[in-house]
Amino acid sequence: MNVYKIAVIAGDGIGPEVINEGVKVLNKVAELAGDFSFEFTYFPWGCEYYLEHGKMLPDDGMEQLKKFEAVYLGAVGYPGVPDHISLRELLLKIRKQFDQYVNVRPVKLLQGAPCPLKDVTRDQIDMVVIRENSEGEYAGAGDWLFKGKPEEVVLQTGVFSRKGTERIIRYAYELARKTGRTLTSISKANALNYSMVFWDQVFEEVGQEYPDVETHSYLVDAASMFFVKQPERFQIVVTSNLFGDIITDLGAAIAGGMGLAAGANLNPERVYPSMFEPIHGSAPDIAHQGIANPLAALWSASQILDFFGHENWGAKVLDVIEQVMVDKKTLTPDMGGVSSTEEVGNEVVALLSALKTSQV
Ligand code: NAD
Ligand code: IPM
Ligand code: MN
């Protein structure tokens, strides 16, 4: 029997609340499937750990994580620790050091999900955003000169290597080819005269090898407008680290809200662990009340099942998430319900069990 070893970094704020439900659901799936199981190891890293130890994780933390195939992460960042410290030293460090250069973020309107757009049907919002996840605007390169002086200058440099740019664009082309879907690049070469001119050039060059893939290219400002006005324009989307961050929050908003959006940080070569997380943050405004929506964390759990080759179970978890929203009986307040995080998790577990029974 396969035993999948998963490192759990539940993190801050609502992180542990939603991850609890994810672990519960994954264990239930394993029990129902019968031929695999999960072994979860918890790492108490995050802002509380920082306040106690002066660092976000122990010095050998990354070494400890290397032993796992997957990391399941809640959220990092909380008032009391500067965000650029907590995020750069934990979440962004894992993405970069484990070369998780592909960030797969589905933007898909499930049935029953609250969509703020008028007259939009399920088939009109069905895309996958492939976000570059290792460099670009997040490279951390820069300088702070003449601090506090009148001539103060701050530099934040984007780094777009040929290797880094080609590999993410190639990944997106491959996905578009495999799924028979169109590929849209989102960039901004009219203003960013080095990075995005290069990005567009590489998109064209790599495209020569994929004459069968229909491509489009949008400036990020126009793309944002079309996400809202005509989301059906997009199928597979490839974009840089920062643009991908921003448009996937927009994507989350049109597809049901932050409580529903998931993302996989992949090291496709599987040399290092990949990481799965809801794309939302620690939500300090609703933390510790037991009312956070766990569905994004459950969608990430479904991505974990896909990652381990159990796509059939990944699809079932997604079906059940959809069922919960169609039923409307058990939803958290962000989706107009009155249920708790735990009640939504329990409902998903119950529906999964029922699914299995009815199939037998
Ligand atoms: P956020 O995603 O935490 O919250 C934005 C809004 O969405 C809030 O009103 C919140 O209540 C709501 N929301 C988010 N997730 C929800 C859920 N599951 N259920 C119901 N409502 C939900 O973003 P923020 O407030 O900008 O950031 C808070 C902290 O989280 C910051 O420290 C930020 O840096 C960090 N952050 C971390 C991650 C991550 O670890 N992956 C992602 C984004 C933000
Ligand atoms: C995300 C988050 C992170 C990002 C932050 C917390 C550094 O917003 O995963 O979308 O910008 O990548
Ligand atoms: Mn984000």
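The values are calculated or read from the model by the stated rules, or taken from the named source; none is laboratory data. As the structure is a computational prediction, the values presented were derived from the model and not from experiment. Glycine gets a Cβ as well: all are built from the backbone with ideal geometry, and neighbour counts include every protein chain shown.
Observations on the structure shown:
- Residue match in segment 112-125 (condition: of a type outside the set (F, W, Y), surrounded by 22 or more Cβ atoms within 10 Å (Cβ to Cβ), within 16 Å of ligand 1 (Cβ to nearest atom) and in contact (Cβ under 8 Å) with a residue 24 or more places away in the chain): no
- Looking only at segment 229-250, and only at residues there that are more than 11 Å from ligand 2 (Cβ to nearest atom) and out of contact with any Ser or Thr (no Cβ under 8 Å at 6 or more places or on another chain), the one that is farthest from D126 (Cα to Cα): K229
- Taken residue by residue, segment 232-241 has at least one member that is part of a loop (DSSP other than H, G, I, E, B), in contact (Cβ under 8 Å) with a residue 60 or more places away in the chain and surrounded by fewer than 19 Cβ atoms within 10 Å (Cβ to Cβ).
- Condition check for V25: in contact with a Ser or Thr (Cβ under 7 Å, 6 or more places away or on another chain), at pLDDT 95 or above, aliphatic (A, V, I, L, M) and not in a loop (DSSP other than H, G, I, E, B): no
- Some residue of segment 289-312 being buried (at least 18 other Cβ atoms within 10 Å of the Cβ), within 20 Å of the chain's Cα centre (by Cα) and over 25 Å from F43 (Cα atoms): yes
- Summed over segment 293-351, residues that are of a type outside the set (G, A, S) and either not in a helix (DSSP H, G or I) or not assigned by TED's automatic domain parsing to the domain that holds G34 (or both) total 10.
- Among the conditions (1) out of contact with any strand residue (DSSP E or B) (no Cβ under 8 Å at 6 or more places or on another chain); (2) in contact (Cβ under 8 Å) with a residue 24 or more places away in the chain; (3) assigned to a loop (DSSP other than H, G, I, E, B); (4) not small (G, A, S), H280 misses just one, which is (1).
- In the set (1) touching a residue at least 60 places away in the same chain (Cβ under 8 Å); (2) among the aliphatic types (A, V, I, L, M); (3) closer than 18 Å to L298 by Cα; (4) in contact with a Phe, Trp or Tyr (Cβ under 8 Å, 6 or more places away or on another chain), A75 fails one condition alone, (4).
- Of residues in segment 154-187 being in contact with an Asp or Glu (Cβ under 8 Å, 6 or more places away or on another chain) and assigned to a strand (DSSP E or B), the one nearest to D83 (Cα to Cα): Q156
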